[in-house]
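Here the structure comes first, spelled out in structure tokens, and everything after it is commentary.
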């Protein structure tokens, strides 16, 4: 018997789509191997939305005479795509066009100790939250962690 660690999870596959590449978080978990292609497809679908959003931001910067609502730091876009019944991928776009991705997984547990658990506010760590479900007499525990960010490669070399 060896002490070798299972290297199947976390997985941080290389993701490059056109001039965009995904930079994985160094300090957090990755994704399951079975989620790799679904996660890449999620990013692929989000790139046109991100480009459209960036065009709006550029238009707003050029047209300073109008009230600039998009550059208000309180406005963000959040898109969630369910991978399975319990797993979702989440993308946040801030008012500067930066994107961050999270993975969320939900579990159903029976425990009185979880009744008063509250959500952590630090977005760089695991987030635990519960929602009481009186009919089933169990709680839903949600684990959410940072995956990384989508970046535009301005120095992309052509092959």
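The values are calculated or read from the model by the stated rules, or taken from the named source; none is laboratory data. Quick caveat, the model's predicted, so the values are computed rather than measured. Note that we place each Cβ from the backbone using ideal geometry, even for glycine, and neighbour counts take in every protein chain shown.
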**Asked** Only one of these conditions is not met by residue 83: (1) at pLDDT 90 or above; (2) surrounded by fewer than 17 Cβ atoms within 10 Å (Cβ to Cβ); (3) in contact with a helix residue (DSSP H, G or I) (Cβ under 7 Å, 6 or more places away or on another chain); (4) farther than 15 Å from residue 150 by Cα. Which number is it?
**Response** (2)
**Message:** Can you confirm whether residue 91 is loosely packed, with under 11 Cβ neighbours inside 10 Å and at pLDDT 65 or above?
**Reply:** no
**Prompt:** What are the residues in the stretch 46-63 that are under 15 Å from residue 100 (Cα atoms) and modelled with pLDDT of 90 or more, if any?
**Reply:** 46, 47
**Prompt:** Counting only residues that are over 24 Å from residue 32 (Cβ atoms), at pLDDT below 85 and either within 15 Å of the chain's Cα centre (by Cα) or assigned to a strand (DSSP E or B) (or both), how many does the stretch 96-116 have?
**Reply:** 1
